[in-house]
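Take a look at the structure set out below.
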């Protein structure tokens with residue numbers, strides 16, 4: 001997970017279960033279950049809003 005404004009060096013590899021941010025990019029911490037839960041909640045919120053707006057007559061884009 002990349003944080004705000006990281007600049008990663010193309011040759012550098014990072015583990016998949018960490019938060020990365022900064023310039024140059026560095027590992028801040030491991031991803032927690034709380035992070036995953038929050039991202040899933042946010043994703044579901046946007047999906048529900050899209051469904052709601054389509055039901056009230058907003059036109060689909062794309």
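Throughout, read-outs are computed from the coordinates displayed, never taken from laboratory work. From a predicted model like this one, the values you see are computed outputs, not experimental measurements. Quick reminder, even Gly has a Cβ in these numbers, built from the backbone with ideal geometry, and neighbours come from all protein chains shown.
Calculate the spin-label point distance for residue 59 paired with residue 29, positioning each point 7 Å from the Cα along the beta-carbon direction, and give it in nanometres.
Inter-label distance under the simple model: 4.6 nm.
Between residue 18 and residue 50, with labels modelled 7 Å along Cα→Cβ, what's the label distance in nm to one decimal, could you check?
Output for this residue pair reads 3.2 nm.
With the crude spin-label approximation of a point 7 Å out along Cα→Cβ, what separation in nm comes out for residue 11 versus residue 36?
Rounded to a tenth, the inter-label distance reads 3.4 nm.
If each residue's Cβ is checked for other Cβ atoms within 10 Å, how do 26, 43 rank with the fewest at the top?
Ascending number of Cβ neighbours within 10 Å: 43, 26.
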